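Structure first, then comments.
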Amino acid sequence: MSNPRNTKACGKCENLADNADAVTNSCSKIFPDKKYKQIQPKGKEVTGLTHECGVFGAIACGEWPTQIDIAQCICLGLVALQHRGQESAGIATSQGKTAKNFSIHKGMGMISNLFNDDSIKKLKGNLGIGHTRYSTSAASEVVNCQPFVVHTAHGAVAIAHNGELINCESLRRVVLERGVGLSTHSDSELIAQCLCCAPEDASEHDGPDWPARIRQFMTLAPLSYSLVVMHKDKIYAVRDSYGNRPLCIGKIVPITLGPGKPEDAPAEGWVVSSESCGFLSIGARYVREVEPGEIVEMTRNGFRTVDIVERPDYKKMAFCIFEYVYFARSDTTFEGQMVYSVRLQCGMQLAIESPIEADIVSSVPESGTAAAHGYARESGIPFAEVLCKNRYVGRTFIQPSTRLRQLGVAKKFGALSVNCEGKRVVLIDDSIVRGNTIGPIIKLLRDAGAKEVHVRIASPPLKYPCYMGINIPTREELIANELEPDELANHVGADSLKYLSVDGLITAVEINKANTNPIKAGYCTACLTGEYPGGLPEELSW
């Protein structure tokens, strides 16, 4: 990487310095009226706060052919990860007997539209990996659907990737200079081609050393990825050394097993997933997270750590804190705690930091509900629903224009006037991106008779783009960079508006965390503070 220091960037121009505020202030003072060139992620117009991908893998234990329907397990696992991407999906399976080919089915659309009984039956295998995608770096096209499968001298390799490589341009040059052609702009294809290159010091007389190849890739690409890699009869689960993207391991147990510790039950198979939320639906139990920098090998006999790639000593772990705030499903477990409990704690912390006299506490469902319960618990103000959500309408940021997003609120929510008429309402939401939807929601509540509406946001203001796999808009689109909280309250028609502080968010995340080892702690708050764990991408023009 060309920027190894933990530098920051001016949010309006492309200048780098050790202090982002100093650069931004100097730019605004010297050129107060200048329209600076905006840093755009990889030439793509970013339209909303969206996640990028979910990955899933499963392998059966014991003698093969297995009695476990691996393809069905993966499909159900992907359904549980559907919130992480709705544009495309795919599954690749292997019978574990030959490295020549895999069974593959992938395409554009939701899981329920892509997979049916016939397509699942064709995915024969004793192991497999799956992927559900929301595009970040590459276009939303069939050619970019995952898993990616490449055919090497040692057989087929399938790869599914969650994240975004911050130094993809230098890696692309390395691959192209070796005479390898690339057919897409997807990071996943780039990773696949990198794994096809054997390390110079590797001895592969008896076949490819996949852990060594994966390690070589990891030393070239510090951020950001969780990977599942399948070759013949093995699956490798890989997490970058900063732990930026999540990945965890589960154990498929007998369906007759009741409550209890999974280690006490025999293993019928093993699964790996971006989140643990789908484990119970396929008869699996959460075991542990893949550690930052860890390469885990999964076979029919179980799983084991085959290598750990350490990050620099002066760098801390940088798990994306917005997984807790927004992206993960509430029933997912990270770092020994359930996401729901963290969101509840965020609401409690918000009540401590920004109290207000009111009659009821409510939420923008479903995103703000856990935090609203926490706010109500801490403040002593009763919780009541004031918005009814139409569950058959998609997220409003998918709409192509501001006008349609604003109109989308009316079809997405209805107001429960019986609960809010004549009341002072504290309305909790998890985040504000552009500020386009909160105004119409407030108007909806006022039209239903709400006396006052006080908005409380259970996360700090979003101010910076993300270069690690989250489609956070440019600084110009982020409303927190344009308006202070009081100005924003006036803009959206609220009586008051307050955010949770960065320190308050970190407190909420850490207060009940099982792992207190400081070496294994740390969060990426780049979208909130501008402090990027691996520095900025090497080529800002992209």
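At 1.4 Å probe size, with the rest of the protein present, what percent of the exposed accessible area of segment 54-315 is carbon and sulfur atoms? Walk me through the intermediate numbers first.
Numbers: 5040 of 10200 Å².
Answer for segment 54-315 is 49 percent, counting heavy atoms of protein chains only.
Can you give me the solvent accessible area of E510 with a 1.4 Å probe, rounded to the nearest 10 Å²?
Accessible surface of E510 is approximately 80 Å².
So what are the three principal axis dimensions of segment 54-315 from its Cα atoms, in whole Å, longest to shortest?
Reported extents, whole Å, longest axis first: 54, 39, 37.
Report, by chain and number, residues whose modeled amide H sits under 5 Å from the one on A415, excluding near sequence neighbours (fewer than 5 apart, same chain).
C388
Can you flag which of K97/K122; K97/K251; K251/K513 are past 19 Å Cα-Cα?
Correct reply: K97/K251; K251/K513.
How much area per residue is accessible in segment 54-315 when the probe is 1.4 Å and only protein heavy atoms are counted (Å²)?
Ligands and nucleic acids excluded, the result is 39 Å² per residue.
Could you size up the charge dipole of segment 274-371 around its Cα centre, putting +1 on the beta carbon of Lys and Arg and -1 on that of Asp and Glu, and report it in debye to the nearest 20? The partial results should precede the final answer.
Values: 9 positive and 15 negative charges, 70 e Å.
Computed about the Cα centre, the dipole is about 340 debye.
So which of K234/K261; K121/K232; K106/K261 end up more than 29 Å apart by C-alpha?
K106/K261
Which shape class applies to segment 165-295: rounded if a/c is under 1.5, otherwise prolate when a/b exceeds b/c and oblate if not, where a ≥ b ≥ c are the square roots of the Cα gyration tensor eigenvalues?
Numbers: a/c = 2.68, a/b = 2.03, b/c = 1.32.
Prolate is the answer for segment 165-295, as a/c is 1.5 or above and a/b outweighs b/c.
Output wanted: per-residue J couplings in Hz (rounded whole) for segment 226-238, from phi through Karplus 6.51 cos²θ - 1.76 cosθ + 1.60, θ = phi - 60°, x for Gly and Pro.
10, 10, 10, 10, 10, 9, 6, 10, 9, 10, 10, 9, 9
So which aspartates and glutamates can K451 reach, going by Cα to Cα under 17 Å and dropping same-chain residues fewer than 8 places off?
E357, D359, E385, E421, D495
The values are calculated or read from the model by the stated rules, or taken from the named source; none is laboratory data. What you see is a predicted model; the values in this text were computed from it and never measured. Here Cβ is always computed from backbone atoms with ideal geometry, including for glycine, and neighbour counts include all displayed protein chains. Remember, those area values only see protein heavy atoms, side chains included, never the ligands or the DNA or RNA. Shrake-Rupley method; radii C 1.70, N 1.55, O 1.52, S 1.80 Å.
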